[in-house]
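**Q** Sharing a structure here in structure tokens format.
The values are calculated or read from the model by the stated rules, or taken from the named source; none is laboratory data. Here the structure is a predicted model, which means the values were calculated and not measured. When we count neighbours, we look across all protein chains shown, and the Cβ atoms used for this are built from the backbone with ideal geometry, even at glycine. We work out accessible area using only protein heavy atoms, side chains counted, and drop any ligands, DNA or RNA first. Shrake-Rupley method; radii C 1.70, N 1.55, O 1.52, S 1.80 Å.
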Amino acid sequence: ATISHRGQGYDVKTIEEYPLRRPSLQTIPDTTCNSGCTETSAGVWTSTSTYGFGYNATGNDISADFINSTYYRPFPSRASAEAAATFMTSNQAVKNRTSTVTFKANISNIQPAGSYQTIVSFIAVPKY
């Protein structure tokens, strides 16, 4: 995402419609990271035996909990009535602020094969 706004800053939020799933409703759950993370607090996710789906953010104005490229969060889900999570924010006018979001899916060898999908939305909210 690249943001420019002359007002009093902005927030960029994200949310998934539902966990990654197949039409048969088999899912890849959201990550819990190595030892815990939440929709608003990233955690280290390096363990190859910790399965799930999540995201990392790098760049300008990202949330401080994304300490480096090993820190991830699960997406909040509309299907679970969760609120979109802010991952990029500023309280001042900005120009050309950029971030990169990296998705990660780690699955076990017994996860049913197939095409999994969801819709991930990114919402830019200006502050005035």
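**Q** Among the residues of segment 22-77 satisfying the criterion of being of a type in the set (Ser, Thr, Tyr) and part of a strand (DSSP E or B), which is farthest from residue 126 (Cα to Cα)? Give the derivation first.
**A** Taking segment 22-77 first, the residues of a type in the set (Ser, Thr, Tyr) are 24, 27, 31-32, 35, 38, 40-41, 46-51, 55, 58, 63, 69-72, 77.
Restricting the remaining residues to those that are part of a strand (DSSP E or B) gives 27, 38, 41, 55, 58, 71-72, 77.
Working: 27: 34, 38: 25, 41: 23, 55: 23, 58: 20, 71: 26, 72: 25, 77: 22 Å.
Checking each candidate, the answer is 27.
**Q** Taking segment 7-26 as the search range and keeping residues that are of a type in the set (S, T, N, Q) and either within 17 Å of the chain's Cα centre (by Cα) or farther than 19 Å from residue 63 by Cβ (or both), which one is modelled with the lowest pLDDT? Show your work before the answer.
**A** As a first pass, look at segment 7-26 and keep what is of a type in the set (S, T, N, Q): 8, 14, 24, 26.
Those still in the list that are either within 17 Å of the chain's Cα centre (by Cα) or farther than 19 Å from residue 63 by Cβ (or both) too: 14, 24, 26.
Details: 14: 98, 24: 87, 26: 93.
Restricting to residues being of a type in the set (S, T, N, Q) and either within 17 Å of the chain's Cα centre (by Cα) or farther than 19 Å from residue 63 by Cβ (or both), the top hit is 24.
**Q** Looking at residue 72, is it buried (at least 20 other Cβ atoms within 10 Å of the Cβ), under 23 Å from residue 119 (Cα atoms) and not aliphatic (A, V, I, L, M)?
**A** Numbers: buried (at least 20 other Cβ atoms within 10 Å of the Cβ): yes; under 23 Å from residue 119 (Cα atoms): yes; not aliphatic (A, V, I, L, M): yes.
So residue 72 fits the description; yes.
**Q** In segment 17-40, is there at least one residue being in contact (Cβ under 8 Å) with a residue 24 or more places away in the chain, touching a helix residue (DSSP H, G or I) at 6+ places or on another chain (Cβ under 7 Å) and among the charged types (D, E, K, R)?
**A** Looking for residues that are in contact (Cβ under 8 Å) with a residue 24 or more places away in the chain, touching a helix residue (DSSP H, G or I) at 6+ places or on another chain (Cβ under 7 Å) and among the charged types (D, E, K, R), one finds at least one in segment 17-40, hence yes.
**Q** Residue under question is residue 95, and the condition is that it be loosely packed, with under 14 Cβ neighbours inside 10 Å, part of a strand (DSSP E or B), at pLDDT below 95 and among the basic types (Lys, Arg); does it hold? Before you say what the answer is, go through the steps one by one.
**A** Values: loosely packed, with under 14 Cβ neighbours inside 10 Å: yes; part of a strand (DSSP E or B): yes; at pLDDT below 95: yes; among the basic types (Lys, Arg): yes.
Against the criterion (loosely packed, with under 14 Cβ neighbours inside 10 Å, part of a strand (DSSP E or B), at pLDDT below 95 and among the basic types (Lys, Arg)), residue 95 qualifies.
**Q** Would you mind stating whether residue 83 is assigned to a loop (DSSP other than H, G, I, E, B) and open to solvent by 60 Å² or more (accessible area, probe 1.4 Å)?
**A** Numbers: assigned to a loop (DSSP other than H, G, I, E, B): yes; open to solvent by 60 Å² or more (accessible area, probe 1.4 Å): yes.
When the stated conditions are applied, residue 83 passes them.
**Q** Next up: For segment 27-65, what are the residues that are under 13 Å from the mean Cα position of the chain (by Cα) and on the phi > 0 side of the Ramachandran plot?
**A** Listed by number, the residues that qualify are 33, 52.
**Q** Also: Please verify whether residue 108 is among the polar types (S, T, N, Q) and either under 30 Å from residue 127 (Cα atoms) or surrounded by 18 or more Cβ atoms within 10 Å (Cβ to Cβ) (or both), treating the condition exactly as stated.
**A** no
**Q** Of all residues in segment 12-55 being among the charged types (D, E, K, R) and under 15 Å from residue 73 (Cβ atoms), which is least open to solvent (accessible area, probe 1.4 Å)? I'd like the intermediate steps shown before the answer.
**A** Looking only at segment 12-55, we keep the residues that are among the charged types (D, E, K, R), and these are 13, 16-17, 21-22, 30, 39.
Restricting the remaining residues to those that are under 15 Å from residue 73 (Cβ atoms) gives 13, 16, 30, 39.
Values: 13: 59, 16: 0, 30: 39, 39: 53 Å².
Here the answer is 16.
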